[in-house]
1. Of 248, 79, 236, which is the most mobile in a GNM of the chain whose springs link Cα atoms less than 10 angstrom apart?
2. Reported to two decimal places, what Rg/Rh ratio describes segment 52-208 when computed on Cα atoms with Rh from the Kirkwood expression?
3. Which helices, taking whole DSSP H runs in the chain, have alpha carbons extending 30 angstrom or more along the helix axis plus mean Kyte-Doolittle at least 0.0?
4. Quick one: net charge of residue 82's neighbours, Cβ under 13 Å, K/R +1, D/E -1?
5. Rounded to the nearest angstrom and ordered from largest down, what semi-axes does the equivalent ellipsoid of the chain get from its C-alpha gyration tensor (root of 5λ)?
6. Counting Lys and Arg as +1 and Asp and Glu as -1, what is the net charge of the other residues whose Cβ lies under 9 Å from the Cβ of residue 145?
7. For the pair residue 142/residue 229, report the inter-label distance in nm, with labels modelled 7 Å from Cα in the Cβ direction.
8. Quick one: if you stick a label point 7 Å off each Cα along the C-beta vector at residue 68 and residue 99, how many nm between them?
Amino acid sequence: MGILESILYGILQGIAEFLPISSSGHLALAHNFFGAEGEQYLAFDILLHLATLFAVLIMYRREVWLIAKGFFTLMGKVFTGKVKKAPLEFGERLFLMLCVASIPLVPAALLSDYVEAVNGTSWLIGCLLIFNGCMLWFSDRLSAGKITLEQAGWLRPFLVGLVQMVGVLPGISRSGSTITGGRLCGFTREDAVRFSFLMSMPAILGACVLELPDFFAGGISSELVAPCIAGALTAFVVGLGAIKLLQFFARKKGFTLFSVYTVVIGLAAIVADLCL
């Protein structure tokens, strides 16, 4: 893998990780097209995901600070016995909401073998991309929600986490599934997007942790160091722009454009795999 190819992967990851078009589906199709296989590419994908994680940390630094602060203050209340006496602050509730929303990811991790099988089948990824487009189209036509994260209880985050489980499949966007889940639960479009990005932090980190044994087993050869750095930096910068773009669409436009795009790409993937 050369520098140019790694930069292209970085652009693809940075855009598709946050826009509701499925980064895993696009990366799998790109790997299938270029014939990219092996542990070296697994390590590269992990680095790309970590780069996009840093993009979320920067763009949502206020919420990340509240979550980190909330964790420590909540632990202090637990150990001093004050947790039942004082109302929870927003940062503490936001930390617990992310924990609750991440619970369904635990059984979803057991599907990793099935996910790997789907990765190598381009026509099936195409079908899932079409499903993703239909999901986004449906999300855009839901009635406007009025619930903000500050008003949410515990059930809504858990239900969004359940919907997120389908996002482990390549071709179905994690952000698209969580945004749709948030809209189904009555969140405003802006807060459905905000919670989706915050949920991406434990999701991305958890996926990377699960793949770390393979990462250390395979390692990175010396000739891949420069491409890995170039790809990760590209994914980070492009990821920042993708977050801003999705925030804009959430406020002004809706997600129909992404719906049409994933359907078209899905159809193209099916035709290319079955006819070429």
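1. Ranking 248, 79, 236 by mean-square fluctuation puts 79 first.
2. Taking Rg over the Kirkwood Rh, I get 1.01.
3. Once both thresholds are applied, what remains is 39-59, 189-218, 225-252.
4. After counting each charged neighbour, the total is +1.
5. In descending order the semi-axes read 31, 23, 16 Å.
6. +2
7. 4.4 nm
8. With each label point 7 Å from Cα toward Cβ, the separation is 1.9 nm.
Rule-based calculations on the coordinates, nothing more; no lab input. A quick note: this is a predicted structure, and the numbers were derived from the prediction, not measured. Heads up, the Cβs are rebuilt from the backbone with ideal geometry, glycines too, and the neighbour counts pull from every protein chain shown.
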